[in-house]
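First the structure, in the form of structure tokens, and then the observations on it.
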Amino acid sequence: MNNQSHSWFEAHAIAEAQERRGVRSLWSKYSAWRWPFLLVLLPTLIVAAYLYIFAANQYESEAHFLVTSEASGGGAASGFGSLFGLTAGGGMQGQTMAVPDYLQSHEAVAALGRKLDLVAIFRRPEADLLSRLWYPRPTPETLEKYFEGKVKVHHDADTGITSLNVRTFRPADSYAIATELLQLGEAQVNRMNNRRYGDAVAAAQGQVRTAEQRVAQIQGRITSYRQQGRDIDPEASGETQLKLVSGLKGQLAAAQAQLASMAGSISPSSPQYIALQQRIRSLQGVVAAQSSELTGGNRAIASNLGGYENLRVQQEFAAKNYAAASAALVKAQEDATRQQLYIVRVVDANMPVKSLFPQRARIVLMTFIALCVAYGIGWLILAGVREHAA
């Protein structure tokens, strides 16, 4: 009996030892995979479960537009820009880039918020916890940051085309935001054009106003000069007076010549000779008086005519200056109009039908690859440390 009991205990002990060796063999077999499972496979499964079970579908609306002008500028357009025969030259590059920058600015978010309820759009009931806007009353900075994650604006410097991509949880919301953003961009371009036009034309308009004031001032001085001299046309008066003096001098010369011819034929005491002498003296007095009125004294016609001619020269110069300023204003207006920017919609915003985001398979694959790479690097580092310690 004792031998049988001893044999049974030995057999039982051997069986238990074999079982323990099997368990240890199985554990050692699978223990090498526990860390890859915990650090790589399990997180990947969690990400996949969230994406395929909880993550909400997101719909993207896309639009392409070109900011350009009719000005030839300094550079030639390329790509789609050349198809329109348009260019956004080097001088316009900064202003064309201003539109994409504006579309993601706090000003655009605020303007868009006045037309659409952005908070409600970004907090739709179907939105998942990680993708939705967390705060029902976000600060402008928080809303702008979330907006930048849902709205992407990319400008291609080679083609000059700007791509606008909007993602939300409903197709109609994406389409509405994309459409409103395009309208805001066009409104911003109009404001920029108004500022450019005003700045370009303001200086020329100032020169025209100055020239107008100068012309009016000279005209007023000429009117005052005519009123003071009581002569509507000093030039015509001077010409008339000069003709009168010339005529009187001609008559005086003729009378003197006649008197000289009569001196040898008739007596100086004859009535005809005496009458001719008196006529000559009378003509001499009239010529002297008229010549004095023409050239002598401050109120002489020659003095008045000199001041009037000076004013007329100033008037002609002011008129030419006004004409030049007016031409410069027209040129500035034409240049400003030619250089005005406008938006060409290459591809208008679309109403999305199929959900393209989140890209579940791609995200799961990228997560798995990244975790595998991280695990491999960690394993190599740990192996190196153990080998160095050994």
(request) Using R₀ = 56 Å, calculate the FRET efficiency as 1/(1 + (r/R₀)^6) where r is the Cβ-Cβ separation of ASN310 and SER282; round to 0.05. (result) 0.95
(message) For a quick check: with amide H placed at 1.01 Å from N, whose amide H comes under 5 Å from PHE357's, ignoring anything fewer than 5 positions away on the same chain?
(response) GLN58
(message) Let's test the formula: R0 of 56 Å, r as the Cβ-Cβ distance of ALA49 and THR337. What FRET efficiency results, to the nearest 0.05?
(response) 0.40
(request) State, to one decimal in nm, how far the label point of ILE369 lies from the label point of HIS154, with both points 7 Å from Cα in the Cβ direction. (result) 1.7 nm
(request) State the extension gain, in nm to one decimal, for the chain segment bounded by ARG123 and ILE274, taking 0.36 nm per residue of separation less the distance between their alpha-carbons. (result) 41.8 nm
(request) Using the number of other C-beta atoms within 10 angstrom as an exposure proxy, rank HIS106, HIS64 with the fewest first. (result) HIS106, HIS64
(message) Can you order the peptides 107-120, 372-385 by their average number of other Cβ atoms within 10 Å per residue, highest first?
(response) 107-120, 372-385
(message) Starting from 0.36 nm per residue, how many nanometres of slack lie between PHE357 and VAL330 once their C-alpha separation is accounted for?
(response) 4.3 nm
(request) Would you mind calculating the gained length between ILE381 and THR142 on full extension (0.36 nm times residue separation, minus the Cα-Cα distance), in nm to one decimal? (result) 82.0 nm
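Bear in mind that the values in this text are calculations on the coordinates, not laboratory data. As the structure is a computational prediction, the values presented were derived from the model and not from experiment. As a convention, Cβ positions derive from the backbone with ideal geometry for all residues, glycine included, and neighbour counts pool all protein chains shown.
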